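Input: a single structure, listed below in C-alpha cells.
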Amino acid sequence: MEIQTIGIVGAGQMGNGIAHVMALAGYDVLMTDVSADALKGAVDTITGNLDRQVGRGKVAEADRDAALARITTTQTLSDLGQSDLIIEAATERETVKQAIFEDLIPHLKPTTILTSNTSSISITRLASRTDRPEKFMGFHFMNPVPVMQLVELIRGIATDKETFSACQAVVAKLGKTAASAEDFPAFIVNRILMPMINEAVYTLYEGVVSVESIDSSLKLGANHPMGPLELADFIGLDTCLAIMNVLHDGLADTKYRPCPLLTKYVEAGWLGRKTQRGFYDYRGDVPVPTR
C-alpha cells in the first residue's frame, strides 16, 4: 500500500522529530499527546528547527511553510484511526505502549500499519496485543531525528512482507537509510551502544577515572564525536537504564547488568540534559561534571 497520512503518538523529543521529517518529505501528519502544552511545544520546536534549516540553506522557505501546513495536532487518540501509518513514540515503558495500541485498535481502518519507535522492547510481544500482528513492526529513529540518517526497521515474528516494504519505502522517501533487524533485545545500535555506555559508568563507579577523562579519552582515542557519559546525558539516563534492563532480562547474561551508579542517578531524578543534571550539571553556562 502507498502511505500518505502519518499518525504520531507522543509529542516529545522523538515524536516532534519524526513529525518534522515526515512533513518535510510530503506526508500529512497528525500528532497526538495527552498534554496540550506538549503539542504546542512540539510545533514550536519543529518551527524553530525548520527555521534553522532555512537559515543554513538546507530547506527552502516554501518547503518549510508547506511542511508546517501539513502538521496538525489533537489530544484525542482515536483521531489517528484513519491514518495509513501510525508511529508510536511514547515513553519507553511497555505497559504504556500496550495501553496506547489497545485504545487505538477499535478506531483503525483495516489497512492501517501500526509501528513503534521503541529502542529495545520486543516487537513481537507488542504486536501480539493488537488485532494486526502481521501489520505491526518496529520503526526506530535515531535522535535527533532530523539529523541522524539511520532508521532501524524491526520485523516481529508475524510481520508480513507488504508491511515491511511499505515502511521501507517511507524511509527511502525521507532520504534516510534503513537497517533491517531481527526482533532481539535492543536491536542493532543500542545492543552495541548501551553496553559501552554502561561500561563507561562502571569505570566511573569503580573510581578508575573521572567523568571528564572518560569522555575526552573516547573522543580523542576512538574519534567519537561525543564521550559516552555526555552521550548518555543527551539520550536520557532513564532511557539508558531501561534499555540495559531489557538487555539483562531478555538475554539473561550478567554482562548486561546495569551499573548501580546508573540506577542511583535515575533514582535521584538526575536524568541528563532534560533535567539539567546527569553526569554533568547543565544549570550554568558550561556543563560541569557531577562526579
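Values in this text are rule-based calculations from the coordinates and carry no lab data. Since this is a predicted model, take the numbers as computed values, not measurements. Positions of Cβ are backbone-derived with ideal geometry, glycine not excepted, and every protein chain shown enters the neighbour counts.
Give, in nm to one decimal, the length gained when the segment between GLU199 and ASP44 is fully stretched (0.36 nm per residue of separation minus the Cα-Cα distance).
Working: separation 155, 0.36 × 155 = 55.80 nm, distance 3.68 nm.
Stretched fully, the GLU199-ASP44 segment lengthens by 52.1 nm.
Give me the compactness ratio for the chain, meaning the Cα radius of gyration over 2.2 N^0.38 Å.
Values: Rg = 19.3 Å, N = 291, 2.2 N^0.38 = 19.0 Å.
Its radius of gyration relative to the 2.2 N^0.38 Å reference: 1.02.
Ratio of the stretch 192-289's C-alpha Rg to 2.2 N^0.38 Å, to two decimals?
Working: Rg = 12.9 Å, N = 98, 2.2 N^0.38 = 12.6 Å.
Ratio of Rg to 2.2 N^0.38 Å for the stretch 192-289: 1.02.
Quickly work out the SER78-to-SER213 label distance, labels modelled 7 Å from Cα along the C-beta direction, and quote it in nm with one decimal.
So the label points at SER213 and SER78 sit 6.0 nm apart.
Determine, for each peptide in 164-171, 263-270, 53-60, 23-30, the mean count of other beta carbons within 10 angstrom over its residues, then list the peptides with the highest first. Mind dumping the intermediate values first?
Numbers: 164-171: 17.6, 263-270: 15.5, 53-60: 12.2, 23-30: 20.2.
With the highest mean Cβ count within 10 Å placed first, the list reads 23-30, 164-171, 263-270, 53-60.
Straight-line reach only, C-alpha to C-alpha below 19 angstrom: list the lysines that LYS40 could link to, leaving out same-chain residues fewer than 8 apart.
The reachable lysines, counting only those whose Cα sits under 19 Å from LYS40, are LYS274.
Which of the lysines could a cross-linker bridge to LYS109, judged by Cα under 26 Å and excluding same-chain residues fewer than eight apart?
Partners found: LYS97, LYS135, LYS161, LYS173.
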